[in-house]
Amino acid sequence: QSKYYVDNLSENIKRSYRQKLKNGLWPQRAPVGYLNDKKTKSIIIDPEKAPLVRKIFEAYATGNYTLSALRKMIGDLGLTGNKGKELVLSHYQHILKNNIYHGILYFGGEFYEGKHEPLITKKLFDTCQEVMTRKSKPQHGGGLKPYVYRGLFKCAECGCYITIETQKGHNYLKCTRRKG
């Protein structure tokens, strides 16, 4: 009985979120730079924090600032999170990647057209994404060495895969023993 109630409640919440998003409304707490308007159930621009958020995008788009320098500069100007605490470095990265600031809502893996007033232009947002891509470190694919027979053999005793490790210049095959 209680599992049915919880499942039904969860589905109702998901349905209400989807409906709000289709209507162009943000269904959760407003991000930094916006405020929740309880009357219209939408988000509105925060007159204190919005100029600082706009400054984050403008400064980063120049390519002259790292995230650390940006955090120091904007932090000194007084930007805080919704709970009044100083923003951490990852929060600045999240702000720079968040589509909501140029009018697009991204939720649950899907994009929706927002009815709120955007803080920045799409062009400025795209410029920041290009700068971030340029400054990011290259990601190495998986970190596994390319051995010829990787993932082909299984142990006859336990059924786990046989792995290859290199020691003193020689390759050795051994069971991973993942199943104990």
* Return yes or no: is THR133 at pLDDT 90 or above, surrounded by fewer than 16 Cβ atoms within 10 Å (Cβ to Cβ) and of a type outside the set (Lys, Arg)? => no
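Can you say whether ASN82 is under 19 Å from ALA30 (Cβ atoms) and at pLDDT 90 or above, as far as the supplied structure shows? Working first, answer last.
Details: under 19 Å from ALA30 (Cβ atoms): yes; at pLDDT 90 or above: no.
It is false that ASN82 is under 19 Å from ALA30 (Cβ atoms) and at pLDDT 90 or above.
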* Asked: Is there any pair with a first residue in the stretch 169-180 that is without any contact (Cβ under 8 Å) to a residue 40 or more places away in the chain and a second that is open to solvent by 100 Å² or more (accessible area, probe 1.4 Å) and part of a loop (DSSP other than H, G, I, E, B) whose Cβ atoms are under 9 Å apart and which are 6 or more apart or on different chains, and what are they?
  -> LEU173/TYR149; CYS175/GLU157
* Structure fact -> Pairing a residue in the stretch 43-71 that is within 14 Å of HIS102 (Cα to Cα) with any residue that is surrounded by fewer than 18 Cβ atoms within 10 Å (Cβ to Cβ) and among the polar types (S, T, N, Q), where Cβ atoms lie under 7 Å and the two sit 6 or more apart in sequence or on different chains, gives ILE43/ASN36
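Identify the residue in the stretch 45-60 that is open to solvent by 70 Å² or more (accessible area, probe 1.4 Å) and under 22 Å from the mean Cα position of the chain (by Cα) and, among all such residues, is nearest to LEU21 (Cα to Cα). Break it down stepwise before answering.
Going residue by residue through the stretch 45-60, those that are open to solvent by 70 Å² or more (accessible area, probe 1.4 Å) are 47-48, 54-55, 58.
Pick out the ones that are also under 22 Å from the mean Cα position of the chain (by Cα) and you get 54-55, 58.
Values: ARG54: 24, LYS55: 27, GLU58: 28 Å.
Looking at the filtered set, the residue picked out is ARG54.
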* Structure fact -> PHE111 vs (1) of a type in the set (A, V, I, L, M, F, W, C); (2) open to solvent by 80 Å² or more (accessible area, probe 1.4 Å); (3) in contact with a His (Cβ under 9 Å, 6 or more places away or on another chain): all pass except (3)
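The values are calculated or read from the model by the stated rules, or taken from the named source; none is laboratory data. Please read these numbers as outputs of a predicted model, since none were measured by experiment. As a convention, Cβ positions derive from the backbone with ideal geometry for all residues, glycine included, and neighbour counts pool all protein chains shown. Quick note on the areas: whole protein, heavy atoms, side chains included, nothing else; ligands and nucleic acids left out. Shrake-Rupley method; radii C 1.70, N 1.55, O 1.52, S 1.80 Å.
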